Amino acid sequence: MLASLRLNPMRCCPPGSTKLTHHPHHPEKTSFCGRGSLNCSQVKDTIRKLDERVDSAVPRPLRLVVAALILREGAGGTEVFICQRKADQPMSLKWEFPGGKIEPGEGPEEALMRELNEELGISAIIGRRVAQIRHKYRNGGAVDLQFFIVKEFHGPLENRIFNDMRWAPLSTLPEYDFLAADLGLIRDLSEGKLL
């Protein structure tokens with residue numbers, strides 16, 4: 001686009017210009033193609049501003065994600081199943097709830113059933129949606145997260161992709177280093193506001 005315009009540092013004009021006029025009283029100004037006076041910094045600033053406008057005009061797609069609050073009753077009250085990302089993954093070693101991206105053509109519940117089978121090897125019965133959060137990351141990306149309760153599943157929980165996984169009492173969730181997008185939900189769960 002405009003960023004590909006290369007300036008000749010000696011003349012401050014685009015390659016292929018046919019008419020170049022130096023101003024005798026203002027050597028930093030140059031006219032080309034009969035379009036008036038420009039100086040190098042004006043041309044470079046204009047190109048930089050146009051490049052910034054192009055970069056900011058390209059929106060990053062909103063990622064649609066589902067996650068499960070797999071619940072059970074433990075000795076100390078309700079527990080939820082949490083998973084820790086591996087060290088070589090983005091946002092490494094952060095804790096999260098199992099789940100993942102909604103693929104084209106899938107509904108949220110269908111996507112969550114697939115993800116739980118892929119990540120944990122279980123066949124889950126997806127319950128009601130309890131929260132939906134939209135989170136913007138510093139890099140400009142955004143995620144739309146839907147959280148569903150899972151109280152029943154078939155098969156043993158298998159660790160297929162995580163660094164660690166465990167049952168945690170709801171009151172202890174703030175002690176774990178969760179993903180930024182989950183922090184509001186963690187607070188509400190630990191304070192007994194959501195379930």
**Request:** Mind scanning K86/K151; K94/K151; K151/K193 and naming the pairs with a C-alpha gap bigger than 22 Å?
**Result:** K86/K151; K94/K151
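How much FRET efficiency would the formula 1/(1 + (r/R0)^6) give for H154 and A75, where r is the Cβ-Cβ distance and R0 is 25 Å, rounded to 0.05?
Details: r = 24 Å, r/R0 = 0.96.
That pair, H154 with A75, gives E of 0.55.
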**Asked** PRE reach from D177 (point 7 Å along Cα→Cβ): which of the stretch 84-111 fall under 12 Å by backbone N?
**Response** 85-87, 91-95
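We did not get these values from a lab; they are worked out from the coordinates using the rules stated. Everything numeric in this text was worked out from a predicted model, so none of it was measured. So basically every Cβ, Gly included, is an ideal-geometry build from the backbone, and we count neighbours across all protein chains shown.
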